[in-house]
1. Filter the range 18-29 down to residues that are within 24 Å of A315 (Cα to Cα) and either assigned by TED's automatic domain parsing to the domain that holds S205 or not in a loop (DSSP other than H, G, I, E, B) (or both), then give me how many there are.
2. Please find, among T351, T308, T332, the residue that is among the hydroxyl-bearing types (S, T, Y) and at pLDDT below 85.
3. Determine whether F259 is touching a Pro at 6+ places or on another chain (Cβ under 9 Å) and not charged (D, E, K, R).
4. From F104, F116, F74, grab the single residue that is among the hydrophobic types (A, V, I, L, M, F, W, C), assigned by TED's automatic domain parsing to the domain that holds I230 and over 30 Å from I338 (Cβ atoms).
5. Which residue out of D19, D88 is modelled with pLDDT under 90 and closer than 21 Å to K209 by Cα?
6. Cβ-Cβ under 8 Å, sequence separation 6+ or interchain: first residue in the range 57-70 and of a type in the set (F, W, Y), partner modelled with pLDDT of 90 or more. Which pairs?
7. Restricted to the range 149-194, and to residues that are β-branched (V, I, T) and outside any helix (DSSP H, G or I), which residue is surrounded by the fewest Cβ atoms within 10 Å (Cβ to Cβ)?
Amino acid sequence: MNLSLQSQLTLYPLTIREDKKHYIVEESFSGDFFEMPKICIDAINLINKSFTLDQVEQQLKPHYPEEEVNLVEFAEQLVELGLVQEIDGEEVQVTKNNDSPKGFTWLSPKVGQFFFNKVTTKLFMAIIILNILLVIINPQLLPAYHDLFIFDAMTFNILTFMGISLLLIIIHEFGHILAVRSHGLPAKLDVGHRLLFVVFQTDLSTAWKLSSKQRNVLYLAGICFDQLMILIAFILKLSFPEASSLFIGILGVVVLDIFIKTVYQCCFYMKTDIYYLCENLTGCYNLMENGRQYLSKWLPFIKSDFTTETFEDEAKFVRMYSVFYICGVLLTFSIFIIYFIPQVYYAYSQTLPELLHPGGNPYFWDAVVFLGQTILMGSLLIYSWHKSNTSRTY
């Protein structure tokens, strides 16, 4: 279907909202969102008034003398994005999938508003500050790698850690879900991965329906619930220092798990909650793509899969993000060296020798089950990686 300056377009119904720097355009049926500058919004408004591309172009040029106004090229982009319904009365064949979240609508918005409102958001910020002060005053609250090992049997250690970690992940994600539902929007829970860890993740795409300030709460909601959990663990450890070793051990696993997950939130080379918060605060919604593009010029081993446009005034944020990107990589290596590698070494040094002593030895079967757990977690990770790579295939 050929486009020319004499062409007249009919667009699908669009919802347009002004954002920090530009505009967010929502295609109602598919639930897709796009960021566009004001010149594009003006063009869309004129197209919706049934002007031809030539008429739209002539009206825009006097208002944007420094811009290259090419309506045919813009119309082609709209077609590629699936926003054009008809060209000169002829229907454009496009397959639309409505993948927007539809879940958790059974959860009343009032429940979400109970946890996330003007008072509680300030309270959560106070909790974060309190946790930092508690660690400064009581450095022994910081976790050590051996906090993972409560029992002599490695199977029990891993099962305990997996159970506690799963429970904390669910609490974290329900923070996001409750924040989303507080605005009456649907949510969706999915499975993903962060480096070597299988994780649940909440689809926050509906957040684009909200203002920038409201989106900040949605991105921080999971971390807020994490900090509440670690505050409870800190208080219990300080209040009952003479409690049973099992009780103190479980609290140690809680602190270790949340601490490592909180550190990973600061690894900006992954799209973590804090990364999305930084995108939202700066109004630069391709920070990672632009940052990798910028870094690839200086560091050849960093590959950029996308070519994106950096809007005006975004360059300084991209350069700043690039620094945090490198710091995040170094932070990850630090966590691996301080926690993960010693844990793996200790776990396998304790279990593998037991495989040489089969029979009635319970630690032999502990080693067998532990290796089975390792294979299971590896399989879940491979599935998550495969799913992630498949979703990138167009």
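1. So the count comes out to 4.
2. Going through T351, T308, T332 in turn, just one is among the hydroxyl-bearing types (S, T, Y) and at pLDDT below 85: T308.
3. Numbers: touching a Pro at 6+ places or on another chain (Cβ under 9 Å): yes; not charged (D, E, K, R): yes.
So F259 fits the description; yes.
4. Details: F104 fails: assigned by TED's automatic domain parsing to the domain that holds I230; F74 fails: assigned by TED's automatic domain parsing to the domain that holds I230.
Of the residues listed, the single one that is among the hydrophobic types (A, V, I, L, M, F, W, C), assigned by TED's automatic domain parsing to the domain that holds I230 and over 30 Å from I338 (Cβ atoms) is F116.
5. Result of the check over D19, D88: D19.
6. Every condition considered, the pairs that remain are Y64/I39.
7. Among residues in the range 149-194 that are β-branched (V, I, T) and outside any helix (DSSP H, G or I), the one surrounded by the fewest Cβ atoms within 10 Å (Cβ to Cβ) is V191.
For every residue, the table says whether it meets (1) buried (at least 16 other Cβ atoms within 10 Å of the Cβ); (2) at pLDDT below 90.
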residue: E80; (1), (2): no, yes
residue: T95; (1), (2): no, yes
residue: S100; (1), (2): yes, yes
residue: G112; (1), (2): yes, no
residue: F116; (1), (2): yes, no
residue: L133; (1), (2): no, no
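The values are calculated or read from the model by the stated rules, or taken from the named source; none is laboratory data. The structure displayed is predicted, hence computed values, not measured ones. No Cβ is skipped: glycine too gets one built from the backbone with ideal geometry, and neighbour counts run over all protein chains shown.
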